[in-house]
1. Could you go through the stretch 100-106 in sequence order and give the Karplus-derived ³J(HN,Hα) for each residue, using 6.51 cos²θ - 1.76 cosθ + 1.60 with θ = phi - 60°, rounded to whole Hz, and x for Gly and Pro?
2. Given the C-alpha centroids of the stretch 88-133 and the stretch 242-260, what is the distance between them in whole angstrom?
3. For a protection proxy built on the mean count of beta-carbon atoms within 10 angstrom, sort 258-264, 187-193, 307-313, 119-125 highest first, please.
4. Treat the count of other C-beta atoms within 10 Å as a stand-in for reagent exposure and order Thr241, Thr203, Thr246 from fewest to most.
5. For Arg188 and Leu68, calculate 0.36 nm times their separation in residues minus their Cα-Cα distance, and state this gained length in nm to one decimal.
6. Modelling each spin label as a point 7 Å along the Cα-to-Cβ direction, I'd like the Leu253/Ser148 distance in nm, to one decimal.
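Just so you know, all these numbers are worked out from the coordinates, no wet-lab data involved. Keep in mind the model is a prediction, meaning the values are calculated, not measured. Glycine gets a Cβ as well: all are built from the backbone with ideal geometry, and neighbour counts include every protein chain shown.
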Amino acid sequence: MKRPDWFLLGMGAAVALAWLFPDAGAKGGSLHPELLNKLGVSLIFFLHGLMLSFDALAAGTRQWRVHLLVQGSTFVLFPLLGLGLLGLAGGGLAPELRTGLFFLCALPSTVSSSVALTAAARGNVAVAVFNATFSSLLGVVLTPLWLSVVLGTAEQALPFAAVVLDLLLWLVLPLVIGQLARPLLGRRAAAHKARINVIDRLTILLLVYTSFCDSVKGGVWSSGVRPLVVSAAVSLLLLGTALALTWWLGGALGFARPERIAALFCGSKKTLASGVPMARLIFGAQPGLAVILLPIMIYHPLQLVVGGWLAGRLGRGRSP
């Protein structure tokens with residue numbers, strides 16, 4: 001009898017714990033998720049820096065066709081899909097929900113989960129590291145630009161220096177430290193690759209738990225049936241479309257399986273960690289901010305659950 005996948009069971013357990021005990025994992029909770037999540041991300045990047053040779057990282061930056069697919073999916077395909085959905089909806093949606101749906105489409109990709117899921121699925125981690133980080137940097141400019149053009153919001157100036165400094169501190173610096181530590185610890189890390197994969201997956205479970213805690217504490221699930229149903233339906237449609245197109249295009253362009261996997265995960269993700277502070281800066285203290293954030297708060301845990309399931313299949317050599 002086949003043993004059940006502990007990671008999938010962990011997904012269900014993380015969601016259940018968030019519903020039962022949301023206080024600890026929500027913002028300001030006893031687990032201090034604002035810091036804990038960043039430390040987890042830093043640990044992942046340190047370990048990947050430790051395990052990846054410099055040649056592998058350099059090779060990841062040279063995969064320009066994969067980069068075009070990932071960034072095109074994130075900043076062109078998603079916004080165009082969002083425009084189409086808003087056009088079909090017409091005036092049937094509240095202004096705050098329309099804003100939230102397009103805000104979701106304009107956001108950059110995630111960093112930690114994209115890299116961790118790519119690693120769990122045995123994809124090209126170097127390509128994932130480059131694309132996830134590059135997407136975050138591009139998002140600082142392209143997300144408010146898309147919003148300004150499409151929604152005409154009068155956003156405040158984003159603190160570019162602070163955002164870049166945060167990325168350098170929590171992502172790039174641990175990666176560089178891991179690279180510098182390779183002569184001392186590289187062989188030991190390679191010998192414990194399976195354990196490092198477990199750490200990646202546990203970090204994803206932590207993100208699932210804390211993201212659900214925030215949505216439960218924020219009253220997202222009691223904000224009315226219509227916004228929840230619309231946000232969930234659009235999230236499923238966007239995620240399914242992005243996953244199908246990135247996987248199909250990767251095959252059509254002749255990508256090897258590891259690069260195809262990296263494109264699949266990096267090109268279908270949207271970031272909650274950067275999305276919330278961006279929303280507060282762009283939209284200020286609007287009364288409808290909770291509704292604006294609703295689509296990304298639903299999309300985020302959904303992409304982790306679906307991504308975890310796909311990573312399990314791909315990691316065993318199967319197709320999505």
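1. x, 5, 6, 4, 4, 5, 8
2. 17 Å
3. Details: 258-264: 27.6, 187-193: 12.1, 307-313: 20.9, 119-125: 23.7.
Packing order, densest peptide first, comes out as 258-264, 119-125, 307-313, 187-193.
4. Details: Thr241 15, Thr203 21, Thr246 25.
Neighbour counts put them in this order, fewest first: Thr241, Thr203, Thr246.
5. Values: separation 120, 0.36 × 120 = 43.20 nm, distance 3.49 nm.
Extending this stretch completely gives an extra 39.7 nm.
6. 2.8 nm
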